[in-house]
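A short worksheet on the structure shown next.
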Amino acid sequence: MKIVVAIKQVPARDSLLRAEGSWIQEADLTWEINEPDAYALESALQLREKNGGEVIALCAGPERATTTIREALAKGADRAIHIADDGVDKLDTLGIARVLAKAVESEKPDLVLTGLQSDDLGYGQTGVVLAELLGYAHSTIIMSVEVEGSGIRVKRELEGGWYQNIALPMPAVLTIQSGSSKLRYATLMGIKKAKSKEVRTLSLSDLGVSADPVARISRVYLPHKSKSTQMLEGSPKEQAAKLVEKLRFEVRAL
């Protein structure tokens, strides 16, 4: 089984906005692997351990993204493809999906896994658009994946604590939900092996893709903080039941 995992390097969550509010301040910024993509990588590694094959980390980003790629290789990815081009940062969802699709086409994988969304932009669209461009079956918010014959069976998370189990043919694109499994750490041996693993470097011109985005971010804002109070009425027993319901289905703390 050949699995391609699309990973993204994102700014740390304590990043500051630029003065004009167009984007975050990138000077002296800490970069890290997108957390939802880390869960996609973990799912791919678990599938390889059960079914054999190889895991390929695919990352589009400037030169600094090599640290994120090496992290994926240290955790167990067999090789990597790095679309190393500064123009990638200017692309929108459609643009980045086109870039990833071009890189995936030559690999002809059984599965393509991505995180549900990115921690910086949070669009949650790249995996779905990528599937459409490739012509692959797809499903989102995936909690688990099992191989069944020539296809797969996946467990999807729905709203209100419900789940859905569906069968899909391969090849397929899946977006993995965060928290779907326990993330592994890179071992010392894994870090050493990562130095000798293949990293294929491509540019946007190699893929025949332009860096002209369809959509652009004009301004970003800090989240607006607000507070609200809800009074639970009824007897103590009724209030307790209402509280449990809210914690379970609204706050999702239970």
Notebook entry, point to check: For region 201-238, which residues satisfy the criterion of being touching a helix residue (DSSP H, G or I) at 6+ places or on another chain (Cβ under 6 Å) and either modelled with pLDDT under 80 or loosely packed, with under 10 Cβ neighbours inside 10 Å (or both)?
Noted result: Ala211, Pro213, Val214
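Any residue at all in region 30-46 that is surrounded by 13 or more Cβ atoms within 10 Å (Cβ to Cβ), modelled with pLDDT of 75 or more and over 24 Å from Lys182 (Cβ atoms)? First the steps, then the outcome.
Here is the first cut: in region 30-46, the ones surrounded by 13 or more Cβ atoms within 10 Å (Cβ to Cβ) are 31-46.
Remaining after also requiring modelled with pLDDT of 75 or more: 31-46.
Pick out the ones that are also over 24 Å from Lys182 (Cβ atoms) and you get none.
For region 30-46, residues surrounded by 13 or more Cβ atoms within 10 Å (Cβ to Cβ), modelled with pLDDT of 75 or more and over 24 Å from Lys182 (Cβ atoms): absent.
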Checklist line | Qualifying residue in region 107-128 (condition: in contact with a Leu (Cβ under 7 Å, 6 or more places away or on another chain), crowded, with 21+ Cβ neighbours inside 10 Å and in a helix (DSSP H, G or I)) | finding: no
Notebook entry, point to check: Taking interchain pairs and intrachain pairs at least six residues apart, which have beta carbon atoms under 9 angstrom, with the first residue in region 174-196 and free of Cβ contacts under 8 Å to residues at least 60 places away in the same chain and within 22 Å of Pro36 (Cα to Cα) and the second in a loop (DSSP other than H, G, I, E, B) and not polar (S, T, N, Q)?
Noted result: none
Check: Of the conditions (1) out of contact with any helix residue (DSSP H, G or I) (no Cβ under 6 Å at 6 or more places or on another chain); (2) in a loop (DSSP other than H, G, I, E, B), Ala241 fails just one. Which one is it?
Finding: (2)
Next item on the list: Would you check which residues across region 150-193 are surrounded by 15 or more Cβ atoms within 10 Å (Cβ to Cβ), aliphatic (A, V, I, L, M) and farther than 15 Å from Gly76 by Cα and list them?
Entry: Ile152, Val154, Leu168, Met170, Ala172, Val173, Leu174, Ile176
Next item on the list: Kindly establish whether Ala97 is closer than 29 Å to Met189 by Cα, buried (at least 22 other Cβ atoms within 10 Å of the Cβ) and within 16 Å of the chain's Cα centre (by Cα).
Entry: no
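The values are calculated or read from the model by the stated rules, or taken from the named source; none is laboratory data. Being a predicted model, the structure only gives us computed values, none of them experimental. Please note: Cβ atoms are built from the backbone with ideal geometry, for glycine as well, and neighbour counts cover all protein chains shown.
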